[in-house]
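Visitor: Sharing a structure here in C-alpha cells format.
The values are calculated or read from the model by the stated rules, or taken from the named source; none is laboratory data. Since we're looking at a predicted model, the values are computed, not measured. Because the Cβ atoms are built from the backbone with ideal geometry, glycine has one as well, and the counts that use them run over all protein chains shown.
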Amino acid sequence: MIKDQNPFETHYCEYDAWFDNYDKTYQSELLAVQELLPERGDWVEIGVGSGRFASRLGIKTGVEPADGIATLARERDVTVLKGKAEALPLEDESVDAAFLITTLCFVDELDRTFIEAFRVLRPGGAVIVAFIPKDSQFGELYTRIANEDRFYKRATFYTKEEVFKAMTDAGLLIDRTVQTLTGSPERANDAVEAPTEGHDKGSFIVVRARKL
C-alpha cells in the first residue's frame with residue numbers, strides 16, 4: 001500500500017484519540033490483558049501502534065510497520081522496530097513473551113503471524129493475543145461499518161475458532177482465556193468491566209498460549 005494511503009501513516013492521531021474518547025472501554029480491555037500477563041522477561045508487542053497498551057503494560061519494545069503511528073509509541077517511551085507480523089525483525093528464541101493486541105485484524109497472513117511469533121519465542125515463553133472475534137457484538141458492528149471507516153476498511157476479522165486453530169497449528173499450547181465487553185457496544189463505555197474467565201460471550205478475548 002502506498003504510504004499516503006495508509007491511515008496509520010496519515011490519520012494516526014485520529015485512531016489514537018479513540019482511547020481517550022472511550023476510556024472506560026479501553027480500561028476494560030487493559031484489565032483483561034493484565035489478567036494474563038506472564039512472568040517478567042524480554043517482552044515485545046507485535047503491531048504496537050501508538051503504544052497505548054505497551055506503555056501501560058511495561059512492554060519496552062514494539063514492532064510496527066507504519067512510521068506515522070510509531071511516532072506516538074516512541075513518545076510513550078517504547079522502542080519501535082520497523083517490521084511486519086509475518087516477518088519479525090527479531091532473532092530466533094529472543095523473547096519471553098510476544099503480545100498481539102487488536103493486531104490480528106490488520107495482519108496480511110494469520111497463519112504466518114503465529115509461525116513468526118512461535119519462532120521468536122524462547123522455550124516456555126508465551127504469546128498473549130487480544131482480539132475482537134468476527135462473530136461477537138463488536139465484530140459484527142465493525143464489519144457493518146467497515147466500508148465507511150478509514151481504519152476498519154482494511155481489517156479482516158476472524159472467529160475464535162480460526163484464531164485458536166492458527167495458534168495451535170503453529171505449535172502453541174493454549175492455557176487460558178479471559179473476556180470482557182460482554183454487553184452491547186452502545187453501553188460498553190458506561191463503566192469499566194472486570195474480565196471473566198472463558199471466551200463464550202465477550203467482544204474482547206484474550207488468549208495466552210505457551211511454546212513448550
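Visitor: Are there helices (runs of 4 or more DSSP H) fully within region 44-146 with at least 1 residues that are closer than 25 Å to Phe157 by Cα and modelled with pLDDT under 95? List them. Walk me through how you get there before you give the answer.
Guide: Details: elements: 52-57, 67-75, 110-120, 137-145.
Hits in region 44-146: 137-145.
Visitor: Tell me the residue from Glu75, Glu93, Glu39 that is surrounded by fewer than 18 Cβ atoms within 10 Å (Cβ to Cβ) and at positive phi, please. Full working, then the answer.
Guide: Details: Glu75 fails: at positive phi; Glu39 fails: at positive phi.
Sole residue among the options that is surrounded by fewer than 18 Cβ atoms within 10 Å (Cβ to Cβ) and at positive phi: Glu93.
Visitor: Could you identify the single residue in Thr177, Thr182 that is β-branched (Val, Ile, Thr) and either exposed (fewer than 15 other Cβ atoms within 10 Å of the Cβ) or over 21 Å from Val127 (Cα atoms) (or both)? Don't jump to the end; show me each part of the working.
Guide: On the way: Thr177 fails: either exposed (fewer than 15 other Cβ atoms within 10 Å of the Cβ) or over 21 Å from Val127 (Cα atoms) (or both).
The unique qualifying residue is Thr182.
Visitor: Would you tally the residues in region 66-101 being over 18 Å from Lys211 (Cα atoms) and in contact (Cβ under 8 Å) with a residue 40 or more places away in the chain?
Guide: Within region 66-101, residues that are over 18 Å from Lys211 (Cα atoms) and in contact (Cβ under 8 Å) with a residue 40 or more places away in the chain number 7.
Visitor: Residue by residue through region 193-209, note down the ones that are under 15 Å from Val129 (Cβ atoms) and among the hydrophobic types (A, V, I, L, M, F, W, C).
Guide: Phe204, Ile205, Val206, Val207, Ala209
Visitor: Taking the condition of being of a type in the set (Asp, Glu) and either under 14 Å from Thr102 (Cβ atoms) or in contact with a strand residue (DSSP E or B) (Cβ under 9 Å, 6 or more places away or on another chain) (or both), how many residues in region 49-80 meet it? Lay out the reasoning, then the answer.
Guide: Taking region 49-80 first, the residues of a type in the set (Asp, Glu) are 64, 67, 75, 77.
Keeping just the survivors that are either under 14 Å from Thr102 (Cβ atoms) or in contact with a strand residue (DSSP E or B) (Cβ under 9 Å, 6 or more places away or on another chain) (or both) gives 64, 67.
Count: 2.
Visitor: Here's another thing I want to ask about it. Output the residues belonging to region 147-170 that are more than 30 Å from Tyr12 (Cβ to Cβ) and either crowded, with 16+ Cβ neighbours inside 10 Å or at pLDDT below 95 (or both). Write out each step before concluding.
Guide: Filtering region 147-170 down to residues more than 30 Å from Tyr12 (Cβ to Cβ) leaves 161, 164-165, 168-169.
Phe164 - this is the single residue of region 147-170 that is more than 30 Å from Tyr12 (Cβ to Cβ) and either crowded, with 16+ Cβ neighbours inside 10 Å or at pLDDT below 95 (or both).
Visitor: Only residues that are in a helix (DSSP H, G or I), of a type in the set (Lys, Arg) and within 23 Å of Phe99 (Cα to Cα): list them for region 147-187, please.
Guide: The initial filter retains those residues of region 147-187 that are in a helix (DSSP H, G or I), namely 147-148, 152-154, 160-169, 185-187.
In the following step, the residues that additionally are of a type in the set (Lys, Arg) were identified as 153-154, 160, 165, 187.
Residues satisfying the conditions are Arg154, Lys160, Lys165.
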